[in-house]
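Novice: Input: one structure, supplied below.
The values are calculated or read from the model by the stated rules, or taken from the named source; none is laboratory data. All figures in this text were calculated on a predicted structure; none of them were measured in a lab. A quick note on method: Cβ atoms are made from the backbone with ideal geometry, for glycine too, and the neighbour counts reach across all protein chains shown. Accessible surface is based on the protein model in full, side chains and every heavy atom, while ligands, DNA and RNA are left aside. Shrake-Rupley method; radii C 1.70, N 1.55, O 1.52, S 1.80 Å.
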Amino acid sequence: MEAKKVLIIEDEKSISDIIQFNLKKEGFDVDTAYDGESGLEKALNSKPDIILLDVMLPGIDGFEICKKVRETSIVPIIMLTAKEEEVDKVLGLELGADDYITKPFGMRELVARIKANIRRFDFDENKDDSSSNVMEFGNLAIDMNRYEVRKDGVALELTLREFELLQYLAERENRVFSREDLLTDVWGYEYYGDIRTVDVTVRRLREKLEDDSSAPKYIMTKRGIGYYFRRP
Ligand code: CA
């Protein structure tokens, strides 16, 4: 298998160097950028398999880069955050980052995250999309193979993660899952995630899916436990 290419956009050279060293040891190809402008240029043109994106960068910041990349690409993006405020911002904004990791982080954790995000992406890309496999729930149609969701015949713009969460819950109608379960099963790693990620994704999904996101009819909250999908 061809080596996967990781693009590191990080202005602190010492951090970039140690990440680079460890990723090369793991067999990845590594490309680096040390400021926002060249980072954005490489993100758009050098076809990385995954991007590690620092938030505070000279020039264009990580938030802006993430938004720009998302306009044209679904490449996995892991944000490197330094402060709790940045985490809140990553979670709260409609950035489209796939994951984030807070500095200081261990290299084993970072490598595990990179592998989990690339694996998921590969799996999605290799899925057979020639046939459709549609589940219908009232006015909602979810095409499991084509990753499409239609409501009253109109396609909804879901991110990959939003789709996967919806798909997971819809395939298991009425079954209640804790946030920890969803993090493990949908996000695909067991120990590193933050359960707030689940709440944020549910909130965004409801905004797109529900007529009234404060009175959901599909994605339901089981108080004190977690979430489940219900046929309206
Ligand atoms: Ca920085």
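Novice: Residues in region 1-16 that are closer than 19 Å to residue 115 by Cα and open to solvent by 20 Å² or more (accessible area, probe 1.4 Å): how many?
Specialist: Total satisfying the criteria: 5.
Novice: Continuing with this model, one more query. Can you spot a residue in region 177-184 that is assigned to a helix (DSSP H, G or I) and among the β-branched types (Val, Ile, Thr)?
Specialist: Yes; the residues of region 177-184 include at least one that is assigned to a helix (DSSP H, G or I) and among the β-branched types (Val, Ile, Thr).
Novice: Got a sec? Which of 157, 162 is touching a helix residue (DSSP H, G or I) at 6+ places or on another chain (Cβ under 8 Å), buried (at least 17 other Cβ atoms within 10 Å of the Cβ) and not hydrophobic (A, V, I, L, M, F, W, C)?
Specialist: The unique qualifying residue is 162.
Novice: Quick one: is residue 72 surrounded by fewer than 17 Cβ atoms within 10 Å (Cβ to Cβ) and on the phi < 0 side of the Ramachandran plot?
Specialist: Criteria met by residue 72.
Novice: Restricting to region 119-138, give me the number of residues that are modelled with pLDDT of 85 or more and either open to solvent by less than 60 Å² (accessible area, probe 1.4 Å) or not in a strand (DSSP E or B) (or both).
Specialist: 3
For (1) open to solvent by less than 30 Å² (accessible area, probe 1.4 Å); (2) β-branched (Val, Ile, Thr); (3) within 16 Å of the ligand (Cβ to nearest atom); (4) on the phi < 0 side of the Ramachandran plot, each residue gets a yes or a no:
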site: 53; (1), (2), (3), (4): yes, no, yes, yes
site: 59; (1), (2), (3), (4): no, no, yes, no
site: 82; (1), (2), (3), (4): no, no, yes, yes
site: 90; (1), (2), (3), (4): yes, yes, yes, yes
site: 99; (1), (2), (3), (4): yes, no, no, yes
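Novice: Can you tell me which condition residue 20 does not meet? The list is (1) open to solvent by less than 20 Å² (accessible area, probe 1.4 Å); (2) at pLDDT 95 or above; (3) assigned to a helix (DSSP H, G or I), and all the others hold.
Specialist: The single condition residue 20 does not satisfy is (1).
Novice: For region 207-224, which positions are within 24 Å of the chain's Cα centre (by Cα) and without any contact (Cβ under 8 Å) to a residue 24 or more places away in the chain?
Specialist: Of everything in region 207-224, those that are within 24 Å of the chain's Cα centre (by Cα) and without any contact (Cβ under 8 Å) to a residue 24 or more places away in the chain turn out to be 207, 210, 213, 214, 216, 220, 221.
Novice: Test of understanding: among 157, 173, which residue is at pLDDT below 90, assigned to a loop (DSSP other than H, G, I, E, B) and not assigned by TED's automatic domain parsing to the domain that holds residue 99?
Specialist: Residue meeting the stated conditions: 157.
Novice: Just need a number here: residues in region 8-35 that are within 21 Å of the chain's Cα centre (by Cα) and within 11 Å of the ligand (Cβ to nearest atom).
Specialist: 2
Novice: Looking only at region 36-51, which residues are without any contact (Cβ under 8 Å) to a residue 40 or more places away in the chain and either within 14 Å of the ligand (Cβ to nearest atom) or open to solvent by 30 Å² or more (accessible area, probe 1.4 Å) (or both)?
Specialist: Within region 36-51, 36, 37, 38, 39, 41, 42, 44, 45 meet the criteria.
Novice: Right, residue 186: open to solvent by less than 40 Å² (accessible area, probe 1.4 Å), within 19 Å of residue 79 (Cβ to Cβ), modelled with pLDDT of 90 or more and under 19 Å from the mean Cα position of the chain (by Cα) or not?
Specialist: Spelling it out, it is not the case that residue 186 is open to solvent by less than 40 Å² (accessible area, probe 1.4 Å), within 19 Å of residue 79 (Cβ to Cβ), modelled with pLDDT of 90 or more and under 19 Å from the mean Cα position of the chain (by Cα).
Novice: From the residues in region 62-97 that are of a type in the set (Val, Ile, Thr) and assigned to a helix (DSSP H, G or I), which one is nearest to the chain's Cα centre (by Cα)?
Specialist: Only one residue tops the list, namely 90.
Novice: Criterion first (in a helix (DSSP H, G or I), touching a Ser or Thr at 6+ places or on another chain (Cβ under 6 Å) and small (Gly, Ala, Ser)) does residue 38 satisfy it?
Specialist: no
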